Every structure is written in structure tokens, then in C-alpha cells.
Amino acid sequence: MRPPKFPRRMPIVWLSIVWLSIVALCPGCGGSTGTAGKSGLGELSAIKGVVTLTHEGKPVEIRPGQTQQVAAGDTVRTGPDSEAVVRSGRRVQFLDHDSELRVEAPPTTAPEGGRVHLLKGLATFLLPPSPDKKVQFEAVSNSVVAAVKGTIFCMQATDGGAEVTVVEGEVEVRLEGSSAATPPAVARPQERVVARAGNLATLKLSEQEFGALRTEALAKKARLGVGISTY
């Protein structure tokens, strides 16, 4: 009498190939739209509308409810009706509509560290304070560098220049390539540094304008439940 036949087990390797094929055909089936092999420096989420992430020249559309790992060299772009947020450690970056941001460097020793380039539009940055009071992050726009130790601030790219407005903490603003002997402009709450034609000017906002800006920034912070303290 022959022993009963049992179904043959599908080889594990073959199963893996099938699963990888499914994920390749349907990027969202793996739970996130992350690109295989990427060295993630943060996580991108679409808050509103369609956000485009370009990795190695290949654009990927991100919609609300989806996330994507962000690597050095990646560019995030929002449209006229979309907004995005990028989290890197405890650093949070809100990208307003019609804006574009490029990640230029990997994190420093702190996960909140690194460097980004605001190519156009408006971005709001929230960072926890640096324990050793050293610069841990830089945001660049049109040759203007904002060096940050821990703060909430906004950066806007303008025609041939940039504006940096501080909500909490302090931000050192300098022109990229300027001499180390040239002291940076230090912006504090309710102050805005305007860079234009190779010059830096510090302005003080009216109570009304600053109040509206601060309310909006803190609303964004509360919206994500970001628990950070600043100077």
C-alpha cells in the first residue's frame, strides 16, 4: 500500500520571489511606498494633496496616508494645493504649497542634524535644542545659510534672496561663502533677517504679524503632536 501523498511545500526562495514581484508591481502593498535599498534620513508624509518625491531622477507621487523614506539628494516638491511634512529624528519640516526642498547631507551625530536646501517657496522648521549649544542643522536658500541650535523658524525663498523669521529660539544667518571673520546676523523671536543683493538686514515684525505667524507655527506643531521644547 502506497503512503498518502501530501501537497508539496512551495520553496521559501520561490515564495520570496513572488512577494518581491508583487511589491515591485504595487509599491504601496508593502505598507509604505519606500524605495528598496534607500538609506533613509527621514520620513515624508503628504498632509494635503499630491506631493512629489524625486529619488535618483525618478519621481514618486505621495498622497495623504502614505509615507516615503527620504535620502540624501532627494527632492520634495509640493503643488499649488498640497503640503508636506518631513520628519528627521525630532526635527520636523513643514513644506508649504508651491515649494521645493532638497536634502543635501546626512545627519550629524544628532538625528536632527544635517543640511537641506529650500529651492523655492516656504518651509517651517521645528528643532529641539542642542544639548551642547552647538549648531546641529543648516537650512540654505539662495546662498543664505541659517545655522540652527534648536528653534522654530520659517524660511522663504525669494527672487535672488531669502527671508528667515524666528518664532522661538535663535538662528544665525550668514551668506554662504562669507569669511569666517564676518559675524552672522543673529535673529531672535519676532525678528526677520532679509537677504538681498549680498546684504543682510534684520527687521522686527509687528505684534500682529508675529502673533499670526507664531499661532500658525504652533498650530502645525500641535497638529502632529510634536513635543519639543526650545530656548
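Every read-out reported here was derived from the displayed coordinates using simple, explicitly stated rules and does not represent laboratory data. All values derive from a computational prediction rather than experimental measurement. Cβ sites come from the backbone with ideal geometry, for glycine too, and all protein chains shown count toward neighbours.
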Gain on full stretching of the segment that runs from GLU43 to ASP81 - 0.36 nm per residue minus C-alpha separation:
11.6 nm
Along each principal axis, Cα extent of the range 43-223, largest first, Å:
42, 35, 35
Using the count of nearby Cβ atoms within 10 Å as a rough guide to exposure, how do THR151, THR182 rank from fewest to most?
THR182, THR151
Residue order, fewest to most beta carbons within 10 Å, for ILE62, ILE47:
ILE47, ILE62
With label points built 7 Å along Cα→Cβ from the Cα atoms of GLU216 and GLU104, find their separation and express it in nm.
2.5
Pair LEU224, GLU56: separation of 7 Å Cα→Cβ label points (nm)
2.7
Ranked by Cβ crowding within 10 angstrom, fewest neighbours first, how are LEU101, LEU119, LEU53 ordered?
LEU119, LEU53, LEU101
Summed residue charge, Cβ within 14 Å of THR124's Cβ, Lys/Arg positive, Asp/Glu negative
+2
